[in-house]
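Read through the structure below, which is laid out as structure tokens, and then see the notes.
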Amino acid sequence: MLREGNEPNDMRISRPMKSFLGILVQAGLAILTALALGIIALHRGEQINAMWLLLAACCVYFLGYRFYSKFIAAKVLALDAQRATPAERLDNGRDFVPTNKWVVFGHHFAAIAGPGPLVGPVLAAQFGYLPGTIWILLGAIFGGCVQDFLILLFSVRRDGKSLTEMAREEIGKLGGFVAYVAIIGIIVILLAVCALIVVNALKASPWGVFTIAMTVPIAFLMGFYVRSLRPGKVLEGSALGFVLVLLAIWVGQWVSRSAVVSPWFTWSAPALAIVIIVYGFAASALPVWLLLAPRDYLSTFVKLGTIGMLALGITALRPTLHMPPLTRFVDGSGPVFAGKIFPFAFVTIACGAISGFHSLISSGTTPKMIRREPETRMVGYGAMIAESMVAVMAMIAACVLQPGTYFAINSPAGIVGKAPEAAAATISNWGFPVSAQGMHALAQSVGEQTLYNRTGGAPAFAVGMAHIFSSSLGGQTLMAIWYHFAIMFEALFILTVLDAGTRVGRFMIQDALAHVWKPLGRTSWYPSILATSALMVAAWGCFLWQGVKDPLGGINSLWPLFGIANQLLATVALCVATTIVIKMGKRRFTAVTLVPLLWLVAVTFTASWHKIYDPNPRIGFLAHTRQLGSSAAPSLEVARMILNDRLDAVVTALLMFLVALILAESVLLWVRVLSGRRPAAVKEVPFVMTRFAAEEQT
Amino acid sequence: MKNEETTANQGTAGSLGGTRYEPASREGVAGNACSHAVACWPRVAAVVASLLREIFDESAYCRFLERNRISSSTAAYAAFREENDRLKAQRPKCC
């Protein structure tokens with residue numbers, strides 16, 4: 001970057017000229033944004049190129065970052081470059097380390113980027129590309145980015161405190177308790193959903209199962225490499241692991257064709273569910289270095305590489321979107337999941353627009369690495385923009401498929417029928433032509449026996465991604481390899497969330513149980529490890545089993561439940577942020593957090609209400625219970641499904657009740673502070689001058 | 001005493017101004033846009049390398065060696081993992 005005043009004379013541009021050029025460029029960008037948004041919103045009857053989506057996204061993100069985040073940084077937060085951060089004051093070379101801003105940005109992005117922004121948009125594509133895309137863009141700019149940015153900065157000003165601690169200090173004890181319970185609830189539902197996505201992607205797929213099974217010995221090998229052969233050389237170990245995984249994908253092709261070996265790896269959904277439950281328990285109870293850490297490194301390596309490749313592939317191929325902007329399923333009768341655009345499109349997109357889970361990262365490791373306050377803008381707001389861009393790419397990957405193919409892959413057997421001909425006829429009758437022969441040929445080209453009823457979003461995303469990759473590199477001959485690369489990527493990615501999440505949940509349960517009996521809180525005491533691991537695995541395992549066994553439920557029930565839980569956590573985070581903004585005396589700017597908070601309250605409470613009480617059995621848990629009770633002959637299976645529905649209804653109601661409590665407590669506090677009955681004092685650490693500013697000037 | 005590997009690793013970080021922050025020097029930046037862009041590449045590469053080393057805990061291992069004034073070995077890495085594992089396993093993985 002050129003320092004002001006150092007430019008050679010011929011390069012110097014006068015200040016008024018610079019600002020005029022700046023205004024010209026920004027006006028041009030605004031016009032381009034309007035044009036791109038206009039084209040994706042108003043084009044009817046013709047297919048559009050995916051580049052319009054990318055262009056609209058880039059322009060919206062640029063304008064949002066350039067103007068809105070700058071406004072928040074200057075007016076609402078008054079970021080102070082002179083104020084020392086906890087990374088500087090508490091530098092201990094372990095968790096508190098002042099770190100280069102680009103490194104923190106990448107680290108934060110790697111932590112917040114999970115399977116949510118890949119799967120959510122694929123599921124929401126059943127409404128067409130328009131509703132999902134608009135919510136991804138606007139939700140991120142005005143909601144998700146704002147939440148991540150503010151929580152990060154507030155945590156930095158409180159020595160890196162967690163969201164729960166900030167909720168307890170700034171709102172009250174109830175706030176802290178609700179945040180704690182909401183976090184456990186969301187982790188349980190998230191893990192069940194993640195496991196179900198993996199089951200649906202791998203069932204009856206010997207190639208996929210073989211590849212994923214091979215990642216376990218590969219992880220052991222990586223562990224041995226970085227512990228014993230080349231201590232600490234994790235990047236080398238991960239690169240070696242990546243090559244071995246690619247080799248496993250290649251060998252998997254042979255496995256799937258072998259009459260002898262193939263049956264060993266051809267598993268039903270219930271069998272896979274049991275294996276995943278056992279795996280979750282083992283990963284939580286085993287020493288972390290043995291399996292968890294190497295898999296985590298391998299997964300991160302694959303994740304960053306694949307997201308980069310997808311971005312390059314879309315830019316190089318510039319594919320056409322075959323999905324219309326709006327489909328007939330905006331009326332709520334969609335086969336992928338039931339429910340109208342409002343509120344379900346907004347709940348389904350989840351992490352691509354706003355995610356409560358991000359507030360845990362923003363108040364976790366990241367604030368302990370920030371070296372100067374102004375960098376929170378780039379890290380908090382900027383990394384969420386990158387995450388939102390991943391969601392846009394997932395939407396493109398889903399919408400480049402022919403709509404008939406998309407619905408054939410994503411519709412459950414309970415809606416379209418089990419037989420290929422029946423499914424193709426049902427989907428064609430909806431106005432999305434697809435043939436049983438075409439689907440068979442597609443399944444053959446990706447090395448699968450069938451692609452029908454592969455719900456969960458992951459297989460549809462993998463087919464879309466394979467289509468983009470194979471069109472850019474390798475053609476149809478590499479389609480199967482790319483498809484299984486995508487499946488491996490998603491499954492590996494999701495299983496890492498599953499094993500790490502189970503372990504985090506185990507620690508949280510141990511912390512809570514320590515209040516009851518101290519030895520239960522000891523993380524190295526094996527009876528406690530086994531008991532709490534079993535408790536955590538049982539919690540998500542029962543939801544998973546329900547998803548696997550229920551032909552009409554599964555992802556249809558669980559994904560909206562996950563979306564609701566995730567956004568309820570975002571509601572808690574925005575309550576904390578709004579409370580702090582009001583206490584800071586910035587009441588004029590309360591709308592910055594209050595508007596997304598009110599929107600989320602409207603979305604999540606409406607969605608929760610529908611999921612519990614809607615008369616449509618495909619939406620409402622209680623209506624489904626009544627339908628099961630009246631139509632089917634009483635059996636153990638029906639009784640279990642009724643129990644599951646009631647459990648879902650209770651969990652949803654409990655989450656809604658807890659968040660209503662924290663909302664009520666927050667509103668009461670706001671009224672007291674605004675009316676002067678309570679002092680507007682925030683719990684920030686006192687100002688200390690940074691030494692970095694002085695060092696930079698010398 | 002640090003061994004050669006550790007020193008080399010810190011050298012990569014050092015060229016960036018460190019994964020750990022050090023005031024960046026802006027001297028020697030080329031005077032025109034073209035040579036400026038070319039001059040940026042080593043710095044971009046250093047940032048990417050540092051980013052990867054931070055994500056994959058190699059920087060954390062270097063800091064551990066530096067803090068404890070020991071050289072890299074199987075025993076040192078085992079001690080580092082023991083110290084870091086609980087911390088790492090408690091980090092939530094995002095959805």
Selection count, segment A:16-49, where residues are of a type in the set (V, I, T) and within 25 Å of A:T327 (Cβ to Cβ): 3
Every residue from segment A:411-455 that is surrounded by fewer than 15 Cβ atoms within 10 Å (Cβ to Cβ) and under 30 Å from A:H624 (Cα atoms): A:K418, A:A419, A:E421, A:A422, A:N429, A:G431
Some residue of segment A:156-176 being within 13 Å of chain B (Cβ to nearest Cβ), open to solvent by less than 10 Å² (accessible area, probe 1.4 Å) and assigned to a helix (DSSP H, G or I): yes
Residue list for segment A:387-399, restricted to those being at pLDDT 95 or above and either surrounded by fewer than 24 Cβ atoms within 10 Å (Cβ to Cβ) or among the hydroxyl-bearing types (S, T, Y) (or both): A:S388
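Output yes when any residue across segment A:52-61 is in contact with a Pro (Cβ under 6 Å, 6 or more places away or on another chain) and not charged (D, E, K, R), and no when none is.
Looking for residues that are in contact with a Pro (Cβ under 6 Å, 6 or more places away or on another chain) and not charged (D, E, K, R), one finds none in segment A:52-61, hence no.
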Hits in segment A:524-553 (condition: surrounded by fewer than 16 Cβ atoms within 10 Å (Cβ to Cβ) and aromatic (F, W, Y)): A:W525, A:Y526
Looking only at segment A:347-374, and only at residues there that are open to solvent by 10 Å² or more (accessible area, probe 1.4 Å) and either in contact with an Asp or Glu (Cβ under 9 Å, 6 or more places away or on another chain) or modelled with pLDDT of 95 or more (or both), the one that is nearest to A:L137 (Cα to Cα): A:P374
Residues of segment A:501-541 satisfying the condition of being within 14 Å of chain B (Cβ to nearest Cβ), within 20 Å of A:V199 (Cβ to Cβ) and of a type in the set (A, V, I, L, M, F, W, C): A:M536, A:W540
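Residue by residue, here is whether (1) more than 14 Å from chain B (Cβ to nearest Cβ); (2) under 26 Å from the mean Cα position of the chain (by Cα); (3) modelled with pLDDT of 90 or more holds:
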| residue | (1), (2), (3) |
| --- | --- |
| A:S435 | yes, no, yes |
| A:L473 | yes, no, no |
| A:L478 | yes, no, no |
| A:H484 | yes, yes, yes |
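Within segment A:415-433, can you find the residues that are assigned to a helix (DSSP H, G or I) and over 30 Å from the mean Cα position of the chain (by Cα)?
Residues satisfying the conditions are A:P420, A:E421, A:A422, A:A423, A:A424, A:A425, A:T426, A:S428, A:N429.
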Answer from A:A201, A:A259, A:A269 - the residue that is open to solvent by less than 10 Å² (accessible area, probe 1.4 Å) and away from chain B (no Cβ under 14 Å): A:A201
Extreme residue, farthest from the other protein chains (Cβ to nearest Cβ), among residues of segment A:204-219 that are in contact with a Leu (Cβ under 7 Å, 6 or more places away or on another chain) and over 30 Å from A:I409 (Cα atoms): A:I218
Subset tally (residues that are assigned to a helix (DSSP H, G or I) and farther than 23 Å from A:Y61 by Cβ) for segment A:368-391: 1
Some residue of segment A:67-78 being buried (at least 20 other Cβ atoms within 10 Å of the Cβ), within 14 Å of chain B (Cβ to nearest Cβ), in contact (Cβ under 8 Å) with a residue 24 or more places away in the chain and in a helix (DSSP H, G or I): no
Any hit, segment A:84-92, residues being loosely packed, with under 15 Cβ neighbours inside 10 Å, outside any helix (DSSP H, G or I), within 14 Å of chain B (Cβ to nearest Cβ) and free of Cβ contacts under 8 Å to residues at least 40 places away in the same chain: yes
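For every residue, the table says whether it meets (1) within 27 Å of A:A179 (Cα to Cα); (2) at pLDDT below 90; (3) within 28 Å of the chain's Cα centre (by Cα).
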| position | (1), (2), (3) |
| --- | --- |
| A:T625 | no, no, no |
| A:S630 | no, yes, no |
| A:L636 | no, yes, no |
| A:I642 | no, yes, no |
| A:R646 | yes, no, yes |
| A:L655 | yes, yes, yes |
| A:L669 | yes, no, no |
Count - residues of segment A:335-364 that are closer than 21 Å to A:P617 by Cβ and of a type in the set (F, W, Y): 3
Pairs, first touching a residue at least 12 places away in the same chain (Cβ under 8 Å) and open to solvent by 30 Å² or more (accessible area, probe 1.4 Å) in segment A:35-46, second hydrophobic (A, V, I, L, M, F, W, C) and not in a helix (DSSP H, G or I), C-beta under 8 Å, six or more apart: A:I39/A:I48
Residues satisfying the stated conditions in segment A:645-693, i.e. of a type in the set (S, T, N, Q), surrounded by 14 or more Cβ atoms within 10 Å (Cβ to Cβ) and over 16 Å from A:G185 (Cβ atoms): A:S666, A:T690
Residue, farthest from the other protein chains (Cβ to nearest Cβ), within segment A:223-247, restricted to residues that are surrounded by fewer than 21 Cβ atoms within 10 Å (Cβ to Cβ) and among the small types (G, A, S): A:A239
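Give the residues of segment A:326-340 that are closer than 17 Å to A:A41 by Cα and surrounded by fewer than 21 Cβ atoms within 10 Å (Cβ to Cβ), sorted by residue number.
A:L326, A:R328, A:V330
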Tally, over segment B:54-75, of residues that are in contact (Cβ under 8 Å) with a residue 40 or more places away in the chain, facing chain A (nearest Cβ under 8 Å), open to solvent by 20 Å² or more (accessible area, probe 1.4 Å) and in contact with a helix residue (DSSP H, G or I) (Cβ under 7 Å, 6 or more places away or on another chain): 1
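The values are calculated or read from the model by the stated rules, or taken from the named source; none is laboratory data. Remember, it's a predicted structure, so these values are computed and weren't measured experimentally. Counting neighbours? That spans all protein chains shown, and the Cβs are built from the backbone with ideal geometry, glycine included. For the accessible areas, the whole protein counts, side chains as well, though only heavy atoms, and no ligand, DNA or RNA atoms are used. Shrake-Rupley method; radii C 1.70, N 1.55, O 1.52, S 1.80 Å.
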